[in-house]
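Single-structure report; data block below.
Every read-out reported here was derived from the displayed coordinates using simple, explicitly stated rules and does not represent laboratory data. Only a predicted model underlies this, so the values are computations on that prediction, with no experimental measurement involved. Positions of Cβ are generated from backbone atoms using ideal geometry, with glycine treated the same way; all protein chains shown enter the neighbour counts.
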Amino acid sequence: MKNIEKVEALMKEVSGVWQIDCANGKTLSETLEGFSLAHRIAMRFGNFNYQVYNGGILVYISNRYFADAYEDMLYYLKKGAETDYAPFARLLETFQTLSETYSGGDYDDKGNCRTRCDACDGDGTEDCITCGGLGVLGDDENDNLSCGMCGGDGSTPCDECGGSGEIVSDLWECINADEFDSWYDTICDTDEYWCAVVTLMERLATEERN
Ligand SMILES: [Zn+2]
Ligand SMILES: [Zn+2]
């Protein structure tokens, strides 16, 4: 049996169960808890391969595969980077960068994620530091001067978000998705790739048994 056929056979077994689980609101991680290590690795690398192959790494992320899989993938890729298959080291680097930048929100297929700014609670403003939010300067009520810093508003645009109330993270920038996709294009779906996945699967399964 060819390596890709081994992976696809395992994926097929999981997919049948996941379709039902998914309709019941379970995550793929939850479904995979009931499967062997070989099934889990086949599913993680298989999904990654097909998502990136068809749409690019940002589609893998915006379709929420990344959020569910990255902890597993980091573990497998750390193990995989010890083997002779050099591309695993670059994949590991990419997953590390992504997981450091990942904010837990939903990303679009451009790699942007908008989350509410914590510093201002989504308001976009913060109390003016010059007048402490009062809008006026001086303690004597008769002597109050309008605060020049905030123009008497008492608030200034939030430093964190620049006044938008949102933090936008840009995953495209941090991993250079275009370059990644063209590199991945040269290894995905090759027999060396599937061979490396199957070798990793077998090695880790042996480790797990011992
Ligand atoms: Zn002020
Ligand atoms: Zn803010």
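A few notes on this one:
- Anchor Lys26: lysines whose Cα lies under 18 Å away (excluding residues fewer than 8 positions away in-chain): Lys12
- Averaging over all projection directions, the Cα-based convex hull of segment 75-159 occupies 8.9 nm² in the image plane.
- For the listed peptides 88-98, 59-69, 122-132, 35-45, a ranking on the average number of other beta carbons within 10 Å per residue, highest first, reads 35-45, 59-69, 88-98, 122-132.
- Unit Cα scatterers, Debye sum, segment 1-97: log10 I(q)/I(0) for q = 0.14, 0.16, 0.18, 0.23 Å⁻¹: -0.53, -0.70, -0.89, -1.39
- Ranked by how many other beta carbons lie within 10 Å on average, peptides 70-82, 181-193 from highest: 70-82, 181-193
- Computed E for Met149/Glu100 - FRET, C-beta separation, R0 30 angstrom, nearest 0.05: 0.25
- Positive minus negative residues near Asp153 (Lys, Arg vs Asp, Glu; Cβ under 12 Å): -2
- Residue (of Asn210, Gly138, Tyr60) at the positive-pole extreme of the chain, dipole from beta-carbon charges: Asn210
- Fully extending the segment from Glu208 to Asn176, taken as 0.36 nm per residue of separation minus the present Cα-Cα distance, adds 8.0 nm.
- 10 Å binning of all Cα-Cα separations within segment 118-164, expressed as whole percents from 0 upward: 33, 44, 18, 6
- Span-like helix ranges in the chain, DSSP H, alpha carbon extent 24 angstrom or more, Kyte mean at least 0.0: 3-23
- The largest-to-smallest principal axis extents of the Cα set in the chain are 89, 37, 34 Å.
- Segment 67-210 - percent relative contact order, Cα under 8 Å, separation 6 or more: 22
- Were the residues from Ser164 through Glu8 laid out at 0.36 nm apart, the gain over their Cα-Cα distance would be 51.6 nm.
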